[in-house]
Each structure stands twice: as structure tokens, then as C-alpha cells.
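Down below is the structure, laid out as C-alpha cells.
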Amino acid sequence: MTYASVNPYDGKTLKTFKELTDQEFEAKIAAAQACFETWRHKPYAARAIIVARAAALLHEKADEFARIMTLEMGKRIGEARGEVEFSSRILAYYAKNAEHFLAPKKLNPTVGEAHMESSPMGVIFCVEPWNFPYYQLARVAGPHLMAGNVLLVKHAGIVPQCAIAFEKLLTEAGAPAGLYTNLLISHEQSNRVVDDRRIKGIALTGSVAAGKSIAGRAGLNVKISSMELGGSDAFIVLEDADLDHAVKWAVWGRMYNTGQTCCAAKRFIVVEPLADKFLDKFRTALAALKPGDPMDEKTTLGPLSSEPALLQLVEQVNGAVSHGAKVLLGGKRIDRPGSFMEPTILTDVKPDNPAFRDEFFGPVAMFFRVKDEDAAVALANDSDFGLGGSVYTKDIARGKRLASRVDTGMMFINNIDWSDAELPFGGIKDSGYGRELGDMGIQEFVNKKLVRVASMQAPA
Ligand code: NAP
């Protein structure tokens, strides 16, 4: 059974869903292709009516949408509501700004005149993860639908109700049949979608393994793709940081969404003069978190998204320890029903420990003590990932200099307020390529066409 809604708070199966038959699957691809032929010609204003209506409906029904997410993947209800509201803002942002972002751009050739125009590419296939069940969908639906493309979406197997709710949202907002289609399909069927000649681009957010599989397939088909993959972001604290400010962000950066965020702070790199004080405060704050029902506003530690996710994380921690890491805090599953993990701090993770290069997708922090700023940068860059990172210092100019030296797609100074509808999001190295959100996000799947006018004679 690929698609099942299981509440990680108590392990109860809420609903299961059948995968599409090949016939249903084919009908949905055909409907998407047919829809593109009319949607591509709609003016921006007509597209914006539907996307803006979806944004408004999402805002109106924020609580209903949030509850489905909390039931299916255990996100604490306050965070879930915040994600729904943010998803609504992303849709509204593109409804408002797409036309401006995609307006023709004048060029200045030596002879005649020229411009670049941006036209839609066609049906885009999106593969999305469970950790932000609506935000991930809004991040592709807002820009790409407004650009005139049409979407087929394969969401993660553990959030089928969120996937279906978002599709229904677009339908209620007035989307024509085939504009946004949720596909309950297997990985094998996903490969067939990538191979299908009607599909013109692929956007995937997920693990490096999934990225390699789908990007490889897209490459074989010479199709454009964007890959938003994992991360192991450095959180660098310099000796002139405001310690309490940094510790608050450290706790939030590691524990938001129970640590299941691609760009979460995962490697805490603190220079020697502040290391002991930072570690003491960080450990105290993590130890104070209390597991409970994610539906209860007062809960400070929710479950992981699923039992397999918890088992994998515990195994990773055990592996790290067997290769020499020390457990300063936590390290085990919590002895209670549900898929709960103790907030954990690992120290002494040496470069020869496989954990050094791993992504811990949950409440597990790796702590490193370094001599100085140069050592912090060297350690931050000693990673296969390159998604984001942050630095804490009272000297903003110093923070900016350090940010320029870290090899990632995003750097944050004195905060890790990762995502904003206006700001491009994405990474380098094993964290993938391409950007979502902002002006850059909407440019990923448009045909940049050169049009030149010059009344000149052909050379003899
Ligand atoms: P995952 O296992 O790679 O799953 C992500 C999506 O890819 C799911 O829909 C999954 O479907 C699908 N998938 C996986 N392997 C596939 C294959 N071979 N062919 C077709 N589809 C495939 O990742 P996850 O564990 O759910 O999510 C966590 C990962 O995503 C972390 O590494 C995290 O850092 C990364 N992430 C990155 C960003 C970013 O913007 N950079 C944002 C969020 C998460 P099934 O569920 O059916 O297997």
C-alpha cells in the first residue's frame, strides 16, 4: 500500500488509498495536456482570478487544512496553521506579481530591435515531500500555474489527505479540469511520467536518492528539471554573538517541525570562547521540551512524521555512536506511544565518522567546537550538501564576509528565517539545483524566447 494516512501520535491508520490504475493514470495525463492548450492562452488576469481565489480559500479554511496535516504527519498545530497561512500568501504573491516577472525584456542588439519573451512550457511533473505538505505544493502551484503551465503532482505516500485537499482547493477556486492534478502513483509510474513526451519539465523536492533517480531519468529524456534536496546546514556562532539571541534561534532552527526541515540548523559550529556557555544553554533549552499531542497548542515536542522515520533516525544515532560520537543529550526514542524522539545532541563527531556527512532529519544536533572563524568556515564547507547556513555576530559586516565564504545557496545572518515568497530558495552540491520562490522561482519552467526585428539584407 503506497498511500496511507497514519497518525504518528498514536500509530492509528486513518485512511488508505489505492494507486491509480494505468487507465486512470493515462486519462489524467491526457486531461492535463488538453488543459494546457487552453490555459496557455489565458491572460494573466484570468489565471490570477483562480490562483488568488485558492489563496483566499486556504486562508479562510486554515484551521481545517492544518488539522489534516497534524493528523497525517504530526506537525504541531500552531506550526501547521502557520504553514497553511504562508502557503496562502505564496499563491497570492504569484497571482499579483507573475505578469511583472514574466514581462518581455528589451535587448539592445547592434542592428534592429530585440526582446526576450517568456512563454509556458507545458505539463510540469512535480514530486513533493511530506515535511511541508502544503507549502511545497504552493511553492510550485503559485509560480508555475501563473506562468501558464499545468501541473501533475506526485505527493509523498504518507500525506495523501493533504495532497487530495490541495487538489480540491484548486478545483473549488475554479481551476479547469486538468490544471492541477494529484497523482496517487508508484515510483515506477513516476518514471513513466518523466518519460512521457507530453511532460516538459520536472520539479522534485526530496532526498538526494530520489533526486538522483528522477534527475537522471529527466536527463536521459533531455528534460529540464529543478532539484530541491537535503541539507546539513551549519549554524556558526562567533565570539561576538549575542548568546541568548543565538541560542533561541538554535533551538528553533533545530526543533521547528520536529527537526524535519531541509534547511534546519543541523551542525552547530561554535568558536572556543563561547562554546561551553552556548552548549550549556542549548542543552538546557532542548531538555525542557515536553512531548505531547501535536493537536494541543501547549505541546512543545511533537512526534516524527512516521514510525519508519523514527526508526531510521535512531539507527543513524546508534551508527554515529558506534563510530565514536558521544551523546550529550537524548539519543533514544521516548518510551511512550507514538513516534517520539528525544531531543539529542551529539559531540565528538569526527570526519571519519559516517555521521559527519549525514543528514539527520529530526531533533538531532551535531555540536562542533572550533578555534576561530576560519576553522568555522572550513568545517561548514566540509559537507557534501550546500543548502543554507547561518552566522551569529554583532558585527554585520563580518557576518556578510563570512556568509560569502560559505558554499551554500542561502546564508542568514543573526536569524534563520528561511523562506519568504519574495526570496529564492535552493541549494548547490548534493542539495540540488534551481530555485523556487521569488522572481527566480517562476523563471524555472518558462521558454525564454528571443525575438529579433531587423530589416537587413542577407549577406551575399
Ligand atoms: P523522499 O523519500 O525522497 O521523498 C520525497 C518525494 O519523492 C516523495 O513524494 C516520494 O514518494 C518521492 N520519491 C522518492 N523516491 C522516488 C523515486 N525513486 N521515484 C519517484 N518518486 C520518488 O524524501 P523524504 O524523506 O520524504 O523527505 C525528506 C527529504 O527531502 C530530506 O532529505 C529533506 O532535506 C528534503 N527536502 C528538501 C527541501 C528543499 O527545498 N531543498 C524541502 C523539503 C525537504 P514516496 O513517499 O511515495 O516514496
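The values are calculated or read from the model by the stated rules, or taken from the named source; none is laboratory data. Keep in mind the model is a prediction, meaning the values are calculated, not measured. Cβ placement follows ideal geometry from the backbone for every residue including glycine, while neighbour counts extend to all protein chains displayed. Ligands, DNA and RNA are stripped out before the accessible areas are found, and what is left, the full protein with its side chains, is counted by its heavy atoms. Shrake-Rupley method; radii C 1.70, N 1.55, O 1.52, S 1.80 Å.
Listed values for the range 199-210 are Karplus-derived 3J(HN,Hα) couplings in whole Hz (6.51 cos²θ - 1.76 cosθ + 1.60, θ = phi - 60°), namely 8, 10, x, 9, 10, 10, 10, x, 6, 4, 4, 5, and x replaces Gly and Pro. Taking amide H atoms as placed 1.01 Å from N in the peptide plane, the amide H of Gly201 lies under 5 Å from those of Phe125, each 5 or more residues away in sequence or on another chain. Amide H contacts under 5 Å for Ser431: Gly386, restricted to partners 5 or more places along the chain or on a different chain, H placed in the peptide plane at 1.01 Å from N. So for the range 80-207, Kirkwood radius off the Cα pairs, Stokes-Einstein at 20 °C and 1.002 mPa s: how many µm² s⁻¹? The diffusion coefficient I find is 135 µm²/s. Straight-line reach from Lys400: taking Cα to Cα under 19 Å and skipping same-chain neighbours fewer than 8 places apart, the aspartates and glutamates in range are Asp233, Glu239, Asp240, Asp242, Asp372, Glu373, Asp374, Asp417. Taking a ≥ b ≥ c as the square roots of the eigenvalues of the alpha carbon gyration tensor, the range 259-362 is oblate, as a/c is not under 1.5 and a/b does not beat b/c.
Nonpolar atom fraction for the range 112-187, defined as the carbon and sulfur part of the 1.4 Å probe accessible area, stands at 57 percent. Averaging the Cα positions of each part gives two centres, and for the range 11-77 and the range 385-460 these lie 28 Å apart. Each other residue within a Cβ distance under 14 Å of Ala80 adds +1 if Lys or Arg and -1 if Asp or Glu, for a net charge of -4. Computed on the range 94-237, with alpha-carbon pairs under 8 angstrom and 6+ residues apart, the relative contact order is 23 percent.
Computed from Cα positions, the angle between helix 135-146 and the longest principal axis of the chain comes to roughly 20 degrees. Per-residue Karplus couplings for the range 437-442, computed as 6.51 cos²θ - 1.76 cosθ + 1.60 with θ equal to phi - 60°, are listed in order as 6, x, 5, 4, x, 7 Hz, Gly and Pro entered as x. On C-alpha positions alone, give me the angle between the axis of helix 243-255 and the longest principal axis of the chain, in degrees, nearest 10. Helix 243-255 sits at roughly 60 degrees to that axis. Phi angles of the range 443-451 translate, via the Karplus equation with coefficients 6.51, -1.76, 1.60 and θ = phi - 60°, into HN-Hα couplings of 7, 5, 10, 10, 7, 8, 9, 8, 10 Hz per residue; Gly and Pro are given as x. Computed from the Cα positions only, the extents of the range 175-308 along the three principal axes stand at 58, 36, 30 Å, in decreasing order. DSSP finds beta bridges in the chain, and of those with both partners inside it, around 40 percent are antiparallel. Under 5 Å from the amide H of Phe412 lie the amide H atoms of Gly389, Ser390, Val391, each residue being 5 or more positions distant or on a separate chain, with H modelled from the backbone and absent for Pro and chain starts. Here the scattering of the range 1-135 is modelled by Debye summation over its C-alpha atoms, one equal scatterer each and no solvent; at q = 0.15, 0.18 Å⁻¹ the log10 of I(q)/I(0) is -1.00, -1.19. The Cα center of the range 191-267 and the Cα center of the range 289-367 differ in position by 19 Å.
What shape does the range 233-413 have by the C-alpha gyration tensor, where a ≥ b ≥ c are the square roots of the eigenvalues, rounded means a/c under 1.5, and otherwise prolate means a/b greater than b/c and oblate the rest? In terms of gyration-tensor shape, prolate. Considering only Cα atoms, the convex hull volume of the chain works out to 167 Å³ per residue. To the nearest 10, the accessible area of Tyr44 is 50 Å² with a 1.4 Å probe.
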